[in-house]
Each structure stands twice: as C-alpha cells, then as structure tokens.
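Got a structure here, written out as structure tokens. Questions coming.
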Amino acid sequence: MSNAIQQKENMYQRSIVAAGHELVSQAAADILRAGGNAFDAVVGAGFASAVAEQTLTSLGGGGFLLARTADAPAREIFFDFFVDTPGKGLREEVEPHFFPVTVDFGGSTQVFNIGLGSVAVPGILKGLLHVHDRLGRMDLAEVLQPAITLARGHELNEFQAGFLGLLKPIMTMTGYGRNLYASGGRYCQPHDILVNNDMADFLASLPEDRGESFYKGEIARRIDADMRAGQGLLTYEDLAGYQVIERKPLRVGFRGHDLLTCPPPSMGGSLIGLSLALQDAMDPVVESDGEKKYLLRTTALMREVESLREQGIHDPASLKAFLQTGRIKQSVDQIRLFSRGTTHISISDQEGNMASMTCSNGEGSGYFAPGTGIMLNNMMGEDDLHPDGFHSAPAGERVGSMMSPSMLLKEDQPCLVIGSGGSKRIRTAITQVLMRMIDQGMGLREAVEAPRLHWDGEVVQMEPGFTEEGIAAVQQQVPVNVWQEQSMYFGGVHVVVPGREGAGDPRRGGSVSVVEGT
C-alpha cells in the first residue's frame, strides 16, 4: 500500500463515527481503537453495513466515498464506485426479467422494479478494496474481521426488521432468499439471530482473493450463466471490465463556507449546489423569522430546484452557466413570490483524516450472487436514475445518482462530514440540515432531528412537528400530506463535527461512536 496514510500527530482529542446502525459504528470504532485511520474504519464499516444493514446496502451495490487526508496540503479525492449499465458482449436482444413492486413507507408509497433485468454492474466490493489499498494502513484481514463476526450471527434490531418487512417480496423472491430470511417458513423478526455463513466465508477469502473471483473468476462466470438463463443483462465482460474512478470533488460556496460534494455523473452534488446558490442569493431565514417563513421558503426552493432540474440544470457546467447568465434572479423572485435503500457513514479521526461514504443497493434485485450471500442491486429499475427510460443507455456507462457524500469547510478547515440515505430525498435532507445549522444556528443533533419536508412533484410530504400556522400557509399554495410520525422516507443524515461530536439520524437507526485519545 504505497499510498497509505501513515500515522501522524493527533489534530483532535477524539475520533468520531456516525452511521446508520450501532453495530456498524462500533465496527468502525473498534478499527480506530486498534490503530486504524478513518479510511480503514470507513472500509470496515462499509463491509459491516453490508451485513447488518442488508436492506440498504450490499457489496453488490454502488457507492461513493469523499476522502480528505490529514496531509499538508490535504488531498481531496472523490472515489466513484457506483454502478455501470450492463450488457457488454450480449449478442442478441434480451427481454429483461423486470417487474414492479410497491413499497409502503406508511405515509407514501413508491414503486420499484426488481428482477435479474434490474441488476447493474456492482461496484461497492471493488470500491472498498480500492480505498483500503489507496489510503488504509491496517491489514485487510483486520479490517474485515468485524463484518465476518457479524455475518456469523448478529441480532436483528427493530429498524432492520422493519426494513426487511417493507422489502419482504424482494428478499424472498428466490429459494436462496427464503432460506436466508424465512427459514422454516417463518419470516425473520426483531431480535432474531441472522446468520449468513456464505457471506462470512466470502469475506474471509478477500485478503487473499482481493475480489478477483467476484469480478473475473468463478463467481463472475456463475453470475453470467444465471443471467443468461434468467433474462438478466449483467455479463462476465461487464464484471471483468468494471473500474473504480477517482475524481475531483465539486466545490460549492455557501455563506462563507465551501461544500465539497459529488461531481458528475452524480446529479445530487450539483443539485445541492444549485439549492445552496439560490439560498445564498437571498437573506437567510433565521429562527426569529418564524416557522411559517421557513416552510414557505423551503417548499418554494424545492419546487424551483426540481423545475430547473427538469430544464437540464443538473451538472457543474449547466450550474455555472445558470449563475453567470443572471437567471438566478428570476428563480429567487419565484421563490420569494411563493414565500431508497441507501446508507451513509461519516468518520473523522484524531489525526485529521475525514471520510464521507454513501452506499446503496437500491431495494435489491432479489437475486443473490452464487455462493456469496450477497444480493445484487436493482439500480436499472430506479426511475430517478434513468430519466430517459429504463434500459435506454448503452452498456458500460456509469449511472448517475442522487447520493451526495459531502464535507463542509470554512477557511479550508473542515466543519462537518455529512451525507444521507434516502433516494430522491437525499439532497433535500442534506440541504435542510445545513440550513438549520448555518442559517438558524441550531445545534448538530437538533438540526438532524428537526422535522423535514419534501416536494415530490405533486405534494409536499411533511413530517409531524411543524406548527399548524406554518402548515396552513403551505396548504394555501400546494397540496400537503402531513405524516403521523418521522420516517426513513425523509432520509438518514449522519453527521460528524471533527474533534467534537456526531449525530446519527434516528429515522434510520443512527448511531454515534466516539474513540477518545490516549
């Protein structure tokens, strides 16, 4: 590991992890205590989350990791290991095995498409191994051990059991899935011990195998055979040709800060940048302005960003042109007139290394890679990732995403490591937490736990906790659906303030672990 980060003098008194599951944050903390850095910890947490958060992420999914090293000057690297479109080497047209399922979040439903024809080329396994090779310093076997232990058996918590309940038709699509999650005909329940020995064995093979069997060996060949027999699109050629891409993060200014976030082809970073640019052109809505003004402004902002996205403003070039042409004034005037299965991990270590990683398996395709215990993704069935229609892009293209692992800097010093799960709600969740903290002066936990809203294109979906006056003001402008309780639908924002504190979003079982200096 010639590029590994060597141990340095401590910049902070503590290392902090914020993640979507207590077992995942504990895995990262154990690695930090053993002498690993933030990148060892985030990789170990990534493997652990693929076991403990199996409905939200998978080694068969896709992800991004934003890294900032403690070097002087700091290195800022955006690792892109999201999915590619499949189909390289197919000699004849395939009618994909591809069908819809409806997921009920309790206050709103969303349709997803699954089946072998929904599987895109997976990247998380290769991405985690690549990041560890580039920036980690512990032996890979040590980094993998927490995940292996969890795969041998861990207690299913209430949150994950709830997610498994939502996705039961997907998890039990195949006999393999039914054996794993409904052994003896009884579907898994909270506090059951979930065992995935195939995954444990696969993880134990990685220090020697380095993922070769999955991408270029026997597992890849068996996946290819299953896909050809079952009307899937993923091929051996797709897997063998997959590459992790290192990119330069997108940098966006906001109220004296710089936000480092996702560059293309992820759409999420540019759309967050657009939202922040619009807010930057207006006076902040401070706490004394009242909730009515906050709700009207936030709703109008979401609608305007969605309108501009539909007009093609969703990448840095179009965002720059939009700002330079003066069109931003028209959008600000409009706002004033109005007045998926994903998980995130944020880590900062004592030395000053930072890692922000978001991973997703979509909702899962229902198909498991043979002999691995790993369900592959359904990214080809996510409508928001395919604005031109399903299966319309040529094979080998990196799919765009709304995921946006980010960091907030002030005078080039990190203030926040932040990101969220939540499909289409990721950008609105992150933006609202930033607004609450920067414009309204809320504390970290208060900002993460504050009620959120989301414009879904037709209705403002709104969590409970807003005032009746504020809700009524929005209802005069657009339809509103007020939920009965806070929900994972509105994202899961996990945030770290380096050296100080962290906050895990209770909507998605958020957990914080702190490793004090010695």
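The values are calculated or read from the model by the stated rules, or taken from the named source; none is laboratory data. Worth saying up front: this structure is predicted, and the values here are computed from it rather than measured. So basically every Cβ, Gly included, is an ideal-geometry build from the backbone, and we count neighbours across all protein chains shown. For accessibility, only protein heavy atoms count, side chains too; no ligands or nucleic acids. Shrake-Rupley method; radii C 1.70, N 1.55, O 1.52, S 1.80 Å.
Please name all residue pairs, on different chains or six or more residues apart, with Cβ atoms under 7 Å, provided the first residue is in the range 150-179 and is among the polar types (S, T, N, Q) and the second residue is crowded, with 17+ Cβ neighbours inside 10 Å and not in a helix (DSSP H, G or I).
Every condition considered, the pairs that remain are Asn157/Gly509; Gln160/Glu53; Gln160/Thr55; Thr174/Gly366; Thr174/Tyr367; Thr174/Phe368.
Could you check the range 189-221 and list, in sequence order, the residues that are surrounded by 18 or more Cβ atoms within 10 Å (Cβ to Cβ) and not hydrophobic (A, V, I, L, M, F, W, C)? I'd like the intermediate steps shown before the answer.
Filtering the range 189-221 for residues surrounded by 18 or more Cβ atoms within 10 Å (Cβ to Cβ) gives 194, 196, 198-200, 202-203, 206, 211, 213-215, 219-220.
Correct list: Asn196, Asp198, Gly211, Ser213, Tyr215.
Taking the condition touching an Asp or Glu at 6+ places or on another chain (Cβ under 7 Å), at pLDDT 95 or above and either among the hydrophobic types (A, V, I, L, M, F, W, C) or surrounded by fewer than 20 Cβ atoms within 10 Å (Cβ to Cβ) (or both), does Leu408 pass?
So Leu408 does not fit the description; no.
Can you confirm whether Leu150 is open to solvent by 10 Å² or more (accessible area, probe 1.4 Å), within 20 Å of Ser360 (Cα to Cα) and in contact with a His (Cβ under 8 Å, 6 or more places away or on another chain)?
No; evaluated as a whole, the condition is false for this residue.
Condition check ((1) more than 24 Å from Lys168 (Cβ to Cβ); (2) of a type outside the set (Phe, Trp, Tyr); (3) in contact with a Pro (Cβ under 8 Å, 6 or more places away or on another chain); (4) part of a helix (DSSP H, G or I)) across all residues:
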{"residue": "Gln189", "(1), (2), (3), (4)": "no, yes, no, no"}
{"residue": "Ala200", "(1), (2), (3), (4)": "no, yes, no, yes"}
{"residue": "Leu203", "(1), (2), (3), (4)": "yes, yes, no, yes"}
{"residue": "Glu208", "(1), (2), (3), (4)": "yes, yes, no, yes"}
{"residue": "Asp224", "(1), (2), (3), (4)": "yes, yes, no, yes"}
{"residue": "Leu233", "(1), (2), (3), (4)": "yes, yes, yes, no"}
{"residue": "Glu237", "(1), (2), (3), (4)": "yes, yes, no, yes"}
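Here is a further query. Just to be sure before I move on: is Lys424 open to solvent by 10 Å² or more (accessible area, probe 1.4 Å), touching a helix residue (DSSP H, G or I) at 6+ places or on another chain (Cβ under 6 Å) and either of a type in the set (D, E, K, R) or closer than 24 Å to Ser307 by Cβ (or both) in the structure I sent?
Answer is yes for this residue.
Just give me the residues in the range 150-187 being in contact with an Asp or Glu (Cβ under 7 Å, 6 or more places away or on another chain) and not in a helix (DSSP H, G or I), in sequence order.
Result: Leu156, Leu167.
Just need a number here: residues in the range 451-472 that are open to solvent by 10 Å² or more (accessible area, probe 1.4 Å) and either in a loop (DSSP other than H, G, I, E, B) or out of contact with any strand residue (DSSP E or B) (no Cβ under 7 Å at 6 or more places or on another chain) (or both).
Residues flagged as open to solvent by 10 Å² or more (accessible area, probe 1.4 Å) and either in a loop (DSSP other than H, G, I, E, B) or out of contact with any strand residue (DSSP E or B) (no Cβ under 7 Å at 6 or more places or on another chain) (or both) within the range 451-472 amount to 12.
From the residues in the range 267-316 that are in a helix (DSSP H, G or I) and among the acidic types (Asp, Glu), which one is farthest from Pro405 (Cα to Cα)?
Ranking the candidates gives Asp289 first.
Follow-up question, since we're still on this one. Counting only residues that are open to solvent by 20 Å² or more (accessible area, probe 1.4 Å) and within 16 Å of the chain's Cα centre (by Cα), which one in the range 263-280 is modelled with the highest pLDDT?
Pro264
Starting from residues that are at pLDDT 95 or above and surrounded by fewer than 24 Cβ atoms within 10 Å (Cβ to Cβ), keep the ones in the range 480-505 and report whichever is nearest to Glu22 (Cα to Cα).
Glu501
With the condition kept exactly as written, say whether any residue in the range 236-248 is out of contact with any helix residue (DSSP H, G or I) (no Cβ under 8 Å at 6 or more places or on another chain) and within 29 Å of Arg297 (Cα to Cα).
no
May I pose another question? Checking Gln145 against (1) surrounded by 20 or more Cβ atoms within 10 Å (Cβ to Cβ); (2) in contact with a His (Cβ under 7 Å, 6 or more places away or on another chain): exactly one of these is not met. Which one?
(2) is the only condition that Gln145 fails.
Let me ask something additional. Within the set of pairs 6+ apart or on separate chains, which have a first residue in the range 454-481 that is at negative phi and among the hydrophobic types (A, V, I, L, M, F, W, C), a second that is part of a loop (DSSP other than H, G, I, E, B) and surrounded by 12 or more Cβ atoms within 10 Å (Cβ to Cβ), and C-beta atoms under 7 Å apart?
Note: pairs meeting the criteria are Val460/Val478; Met462/Trp483; Phe466/Pro451; Val480/Val459.
Out of the residues in the range 244-262 meeting the condition of being touching a Phe, Trp or Tyr at 6+ places or on another chain (Cβ under 7 Å) and open to solvent by 10 Å² or more (accessible area, probe 1.4 Å), tell me which one is nearest to Glu306 (Cα to Cα).
First, pick out the residues of the range 244-262 that are touching a Phe, Trp or Tyr at 6+ places or on another chain (Cβ under 7 Å): 244, 246-249, 262.
Cutting the leftovers down to open to solvent by 10 Å² or more (accessible area, probe 1.4 Å) gives us 244, 246-249.
Values: Val244: 30, Glu246: 28, Arg247: 26, Lys248: 25, Pro249: 23 Å.
Residue satisfying both the conditions and the ranking: Pro249.
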